[in-house]
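Inspection log for the structure reproduced underneath, given as structure tokens.
The values are calculated or read from the model by the stated rules, or taken from the named source; none is laboratory data. Everything numeric here is computed off the predicted structure, so don't read it as measured data. For neighbour counting, all protein chains shown are included, and Cβ atoms are generated from backbone atoms with ideal geometry for every residue, glycine included.
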Amino acid sequence: MRKTTSLLIVGLLMLSILLVGCQTSPKDAETINVAGHAEMTVAPDLAKVYAGISILKPTAAAAQAEADRVINAIIDGLRYKGIAESDIETETLNLYEEKVWVEKESQTKSVGWRATQTLKIKTDDLTKVGDIVDVAVSNGANQINSIEFYLSTTKEDESKQLVLAKATQNAKNKAQTMADSLGVRLDKIVSASESNYGYMPYRYAMANNVGMEAVKESANVMPSDVAVSADMALVYAIKQG
């Protein structure tokens, strides 16, 4: 008898819990989910020039020594033009034995050692891009790989706030349109989350990346706006009528 009573009490307790759960759940759980998107263009305030050297010598030591000499000359020339050494970084650095296939001998043959190095040179004065290329080539750079225009951290943060505000407004407008079409009213925002924020720096790939041809081409390279975009997801609770 006691066992039956205990089971009955446990069953009643479980039923009470289920009933309480049903009562505390919102009666109206309908929602509208919307995704807002926005894009904008922003003028860059920083530039990077990727200048490099490629040197072939009979020995590894000779190739590295010549590479060091030319790189130091380029850096000294840039510093003379007012580019801070902290704005000059080594992007890539390689030293390897270069081999070619000799058809008559049916084997590869060493043609020497090649030293390559690329410098990334930054500036916040976009009018100096042509001067940077000129100085680099004049002091021994034989490759100008690309010129990149991008945003500083401060300007990127400002742009992010603006584009997120636009994406949020786009989502809100969509939600209101949907609510009007369905004959319901928007209630509180249940959740909001950003996604896919980003921007792509504008990279100009040089058509002529060697010597004076690169200098002439770089003089005509103009800064181009960069595209900034963002997505915002909103979930609204809705009311009938």
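Under 7 Å by Cβ, and 6 or more places apart or on different chains, what pairs join a residue from segment 58-70 that is without any contact (Cβ under 8 Å) to a residue 24 or more places away in the chain with one that is assigned to a helix (DSSP H, G or I) and β-branched (Val, Ile, Thr)?
Listed pairs, sorted by first residue: none to list.
Would you say Asp76 is surrounded by 15 or more Cβ atoms within 10 Å (Cβ to Cβ), in a helix (DSSP H, G or I) and either touching a Pro at 6+ places or on another chain (Cβ under 8 Å) or of a type outside the set (Lys, Arg) (or both)?
Criteria not met by Asp76.
Hey, Gln117 hits all of (1) more than 20 Å from Ala73 (Cβ to Cβ); (2) touching a Leu at 6+ places or on another chain (Cβ under 6 Å) but one; which does it fall short on?
The number of the failed condition is (1).
Please enumerate the residues belonging to segment 186-213 that are among the hydrophobic types (A, V, I, L, M, F, W, C), outside any loop (DSSP other than H, G, I, E, B) and out of contact with any helix residue (DSSP H, G or I) (no Cβ under 6 Å at 6 or more places or on another chain).
Ile189, Val190, Ala192, Met200, Ala205, Met212
Taking only pairs six or more apart or across chains, which ones have beta-carbon atoms under 9 Å, a first residue in segment 90-111 that is free of Cβ contacts under 8 Å to residues at least 12 places away in the same chain, and a second residue that is polar (S, T, N, Q) and assigned to a strand (DSSP E or B)?
Matching pairs, first to second residue: Val100/Thr108; Val100/Ser110; Trp101/Gln107; Trp101/Thr108; Val102/Thr108.
Kindly indicate whether Ile132 is modelled with pLDDT under 95 and surrounded by 17 or more Cβ atoms within 10 Å (Cβ to Cβ). Talk me through it step by step, then tell me what you get.
On the way: modelled with pLDDT under 95: yes; surrounded by 17 or more Cβ atoms within 10 Å (Cβ to Cβ): yes.
Criteria met by Ile132.
Is segment 180-198 home to any residue that is over 18 Å from the mean Cα position of the chain (by Cα), closer than 15 Å to Ala35 by Cβ and modelled with pLDDT of 95 or more?
no
Can we say Glu66 is assigned to a helix (DSSP H, G or I), among the acidic types (Asp, Glu) and not assigned by TED's automatic domain parsing to the domain that holds Lys188?
Numbers: assigned to a helix (DSSP H, G or I): yes; among the acidic types (Asp, Glu): yes; not assigned by TED's automatic domain parsing to the domain that holds Lys188: yes.
Answer is yes for this residue.
Being touching a residue at least 12 places away in the same chain (Cβ under 8 Å), over 17 Å from Met206 (Cβ atoms) and surrounded by fewer than 16 Cβ atoms within 10 Å (Cβ to Cβ) is the requirement here; does Ser138 meet it?
no
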